[in-house]
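Below is one structure, written out as structure tokens, with a few remarks after it.
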Amino acid sequence: MALQWFRVPKDIVFGEGSLSYLAELEGKRATLVTGGSSMHRFGFLDEARAHLNKAGMEVDIIDGVEPNPSIETVISGGKKLAAFAPDWIVAIGGGSALDAAKIMWVYYEHPETEFQDLVEFRFPKLRQKARLIAIPSTSGTASEITAFSVITDRANHIKYPLVSYEITPDIAILDPLLPAKMPAHITANTGMDVMAHAVEAYVSTNSTSYTDPLALEAIRLVFRQLPIAYREPGNMQARGDMHNASTIAGMAFTNASLGIIHSLAHKIGGEFGVSHGLANAILMPYIVDYNRRETQKYNQIEAQLGIKNLAEALRDLNLKVGIPLRFREVTEVDISEERFAEALDRMSKNAFADPCTLTNPRPTSPEDIREIFQAAF
């Protein structure tokens, strides 16, 4: 039997005010990697820098990571890291900043790396120059805990899920004060991303007795606390539970992998710029219905949580947090029927080739994926 693994960061620091853990690090230099202006605006970037300064470190900042980080961004970031030579890379912000920092780290330590090698899961050994800390500002991607990074090839409109235990962060810091600043629609989208991670990890063909309890607990927490976090942004109990649920689901899926919810979400996101969590949320009920004939594990979720029909419960949860049930109803980007039809075959073939498809509980095909896309549109 092939060996299996359960791997997560060495340290997970959580709870209100846990950002202060940065002051306890040892090193000479640290680079903060972040995205847009929210970490600046809410003061978290300055707070992180102050804690690192307190630890006696010189601090540099790489900011402006875009919502779908590109190949160009991570290669450029690697060069900036090389110029400063930090001992610590501290990624703070949404999943995009964390994902980008992981691959910047690769290019910092191994600037000769070919991106295609990473696409094919050939990663060099890291931790020769630096270690990575991940501090999420959203409760969704779980990038702070995972061996995954999603990087966009802008020229070909493809999001590549890159996977290697080498890029699992060394330390994850989960301070619920950061996601408490999220707007309602981001709370909803990222929260449903947590649900997709947990549901797919639970039914994955690579799930184990180590991952199943974590996935189930994350599902339970999201059903209970996401509507509250959406309605009451300052409810710290709900925020803390959702932040922990994100990481718990990440612990499950980084070890069990995912399925075609993510395969399809990666491709429609790459084509049209649909937010990843929103794409997952819309696709999830359709794919639960599609997969059900090949697995009894949805029945187990329903029995454990007292739910009659998981797909219907997911649709109800989407509506409670303002998420439409079809892509044609999405307002954040323009997906016309004509553009969707033009991209449909390409998206279907690319989704079938996505690595997440390998652990889906039901064997699929580009034709089946095409039908799911059409139903979800």
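Brief remarks follow.
- Candidate set: region 46-102, residues that are in a loop (DSSP other than H, G, I, E, B) and under 24 Å from S139 (Cα atoms); chosen: the one most open to solvent (accessible area, probe 1.4 Å): P67
- Every residue from region 171-185 that is in a helix (DSSP H, G or I) and either farther than 11 Å from S137 by Cα or of a type outside the set (A, V, I, L, M, F, W, C) (or both): P179, K181, A184, H185
- Test: D354 is touching a strand residue (DSSP E or B) at 6+ places or on another chain (Cβ under 8 Å), in contact (Cβ under 8 Å) with a residue 40 or more places away in the chain and surrounded by 14 or more Cβ atoms within 10 Å (Cβ to Cβ): yes
- Filtered residue count, region 233-280, keeping only those that are free of Cβ contacts under 8 Å to residues at least 60 places away in the same chain and under 14 Å from the mean Cα position of the chain (by Cα): 3
- Selection of region 103-141 for residues being without any contact (Cβ under 8 Å) to a residue 12 or more places away in the chain and either open to solvent by less than 20 Å² (accessible area, probe 1.4 Å) or of a type in the set (D, E) (or both) yields E112, E114, D117, E120.
- Taken as a whole, the condition of being modelled with pLDDT of 95 or more and surrounded by 24 or more Cβ atoms within 10 Å (Cβ to Cβ) does not apply to T205.
- Lone qualifier among L305, L264, L314, L310 - being under 30 Å from S164 (Cα atoms) and either surrounded by fewer than 24 Cβ atoms within 10 Å (Cβ to Cβ) or modelled with pLDDT of 95 or more (or both): L264
- Checking L132 against (1) part of a strand (DSSP E or B); (2) in contact with a Gly (Cβ under 6 Å, 6 or more places away or on another chain); (3) not basic (K, R), the condition it does not meet: (2)
- Scanning region 145-152 for any residue that is small (G, A, S), under 13 Å from the mean Cα position of the chain (by Cα) and either crowded, with 17+ Cβ neighbours inside 10 Å or assigned to a helix (DSSP H, G or I) (or both) turns up at least one such residue.
- Scanning region 187-205 for residues that are part of a helix (DSSP H, G or I) and either out of contact with any Gly (no Cβ under 8 Å at 6 or more places or on another chain) or not aliphatic (A, V, I, L, M) (or both) yields T187, N189, T190, G191, D193, M195, H197, A198, V199, E200, A201, Y202.
- Subset of region 1-22 that is of a type in the set (A, V, I, L, M) and surrounded by fewer than 15 Cβ atoms within 10 Å (Cβ to Cβ) - its residue that is farthest from R127 (Cα to Cα): M1
- Verdict on G269 being over 23 Å from E312 (Cα atoms), in a helix (DSSP H, G or I) and small (G, A, S): yes
- Residue in region 274-282 that is out of contact with any Lys or Arg (no Cβ under 9 Å at 6 or more places or on another chain), open to solvent by 10 Å² or more (accessible area, probe 1.4 Å) and farther than 16 Å from I186 by Cα present: no
- Condition check for S164 on (1) of a type in the set (S, T, N, Q); (2) under 13 Å from the mean Cα position of the chain (by Cα); (3) more than 30 Å from R41 (Cβ to Cβ): one failure, at (2).
- Candidate set from region 177-202 (those that are open to solvent by 10 Å² or more (accessible area, probe 1.4 Å) and more than 15 Å from the chain's Cα centre (by Cα)); member that is farthest from L278 (Cα to Cα): L177
- In region 165-176, the residues that are surrounded by fewer than 20 Cβ atoms within 10 Å (Cβ to Cβ) and modelled with pLDDT of 95 or more: E166, D170
The values are calculated or read from the model by the stated rules, or taken from the named source; none is laboratory data. Remember, it's a predicted structure, so these values are computed and weren't measured experimentally. Here Cβ is always computed from backbone atoms with ideal geometry, including for glycine, and neighbour counts include all displayed protein chains. Only protein heavy atoms, including side chains, enter the accessible area calculation; ligands, DNA and RNA are left aside. Shrake-Rupley method; radii C 1.70, N 1.55, O 1.52, S 1.80 Å.
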